[in-house]
Amino acid sequence: MARQIEIGDKAPAFDLPAADGAKVSLTTLLEKGPVVIFFYPKDETPGCTAEACSFRDAWDGFTKLGASVVGISRDSAESHASFRDHHQLPYLLLSDRDGAVRKAFGVPKTLGLLDGRSTYVLDKSGTVRKAFHSQLRATRHVEEALEALKTLS
């Protein structure tokens, strides 16, 4: 496992397919402003659905702060498209099929087995300003991200 990314570190660059199949790079996202990246285990599971819908419900707060929101899991682009449409998610879902980006960020596993749940807030230079890890407190990720973004403004 790679070293866990911490506050003050530069986020590792990535280029991943979105739900529509288009490639999305972190560099392009950062050109628009701060970025919130949340890693989650699996589309359509109870905790992940609650987390994804919490980000959706707080969407206005993120857009007012000029931030992009991106969800990343190992699910396929097709799975992401279905998940996005089913829950009317207004942000990007990216497919990290081999887990390389998850590994580059050092997202911790839960019980050493399950893909963990982590959220990173990056300023527009790509520097990590907040890292929050909690498998069980799925909806807390939104609150943590919004609080961190407010300190960047």
Checklist outcome for this item: (1) modelled with pLDDT of 95 or more; (2) assigned to a loop (DSSP other than H, G, I, E, B) all hold for GLU6 apart from (1)
Checklist entry - Which residues, taken from segment 87-119, are over 15 Å from GLN4 (Cβ atoms), touching a Ser or Thr at 6+ places or on another chain (Cβ under 9 Å) and not in a loop (DSSP other than H, G, I, E, B)? => result HIS87, LEU92, LEU93, LEU94, SER95
Next on the checklist: Given the criteria surrounded by 14 or more Cβ atoms within 10 Å (Cβ to Cβ) and in a helix (DSSP H, G or I), does LEU149 qualify?
Outcome noted: yes
Next on the checklist: Name the single residue that is nearest to PHE132 (Cα to Cα) among those in segment 19-57 being under 14 Å from the mean Cα position of the chain (by Cα) and among the acidic types (Asp, Glu).
Outcome noted: GLU51
Checklist entry - Out of all the residues in segment 42-49, is one or more in contact with an Asp or Glu (Cβ under 6 Å, 6 or more places away or on another chain) and modelled with pLDDT under 95? => result yes
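Rundown of residues vs (1) at pLDDT 90 or above; (2) within 23 Å of ASP20 (Cα to Cα), yes/no style:
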{"position": "SER54", "(1), (2)": "yes, yes"}
{"position": "VAL70", "(1), (2)": "yes, yes"}
{"position": "PRO90", "(1), (2)": "yes, yes"}
{"position": "GLY112", "(1), (2)": "no, no"}
{"position": "GLY116", "(1), (2)": "no, no"}
{"position": "LYS130", "(1), (2)": "yes, no"}
{"position": "LYS150", "(1), (2)": "yes, no"}
Checklist entry - Looking at (1) part of a helix (DSSP H, G or I); (2) β-branched (Val, Ile, Thr); (3) touching a Phe, Trp or Tyr at 6+ places or on another chain (Cβ under 6 Å), which is the only condition VAL128 fails? => result (1)
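In this structure, does THR28 turn out to be among the β-branched types (Val, Ile, Thr), over 22 Å from LEU146 (Cβ atoms), surrounded by fewer than 16 Cβ atoms within 10 Å (Cβ to Cβ) and modelled with pLDDT under 95?
No: the conditions fail for THR28.
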Checklist outcome for this item: So, first residue farther than 14 Å from THR139 by Cα in segment 42-60, second residue part of a helix (DSSP H, G or I) and of a type outside the set (S, T, N, Q), Cβ within less than 8 Å, six or more apart or across chains; the pairs are LYS42/CYS48; ASP43/HIS80; ASP43/PHE83; GLU44/PHE83; GLU44/HIS86
Next on the checklist: Exactly one condition in (1) touching an Asp or Glu at 6+ places or on another chain (Cβ under 6 Å); (2) among the hydrophobic types (A, V, I, L, M, F, W, C); (3) part of a strand (DSSP E or B) is false for PHE83; which is it?
Outcome noted: (3)
Checklist outcome for this item: Taking segment 45-73 and keeping only residues that are among the β-branched types (Val, Ile, Thr) and surrounded by fewer than 16 Cβ atoms within 10 Å (Cβ to Cβ), one is left with THR45, THR63
Item to check | Close pairs from segment 74-103: first surrounded by fewer than 17 Cβ atoms within 10 Å (Cβ to Cβ), partner assigned to a helix (DSSP H, G or I), Cβ under 8 Å, at least 6 apart | outcome: HIS87/THR49; HIS87/ALA52; HIS87/CYS53; HIS87/ARG56; GLN88/ARG56; PRO90/ARG56; PRO90/TRP59
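The values are calculated or read from the model by the stated rules, or taken from the named source; none is laboratory data. If you're wondering where the values come from, they're calculated on a predicted model, not measured in any experiment. Glycine gets a Cβ as well: all are built from the backbone with ideal geometry, and neighbour counts include every protein chain shown.
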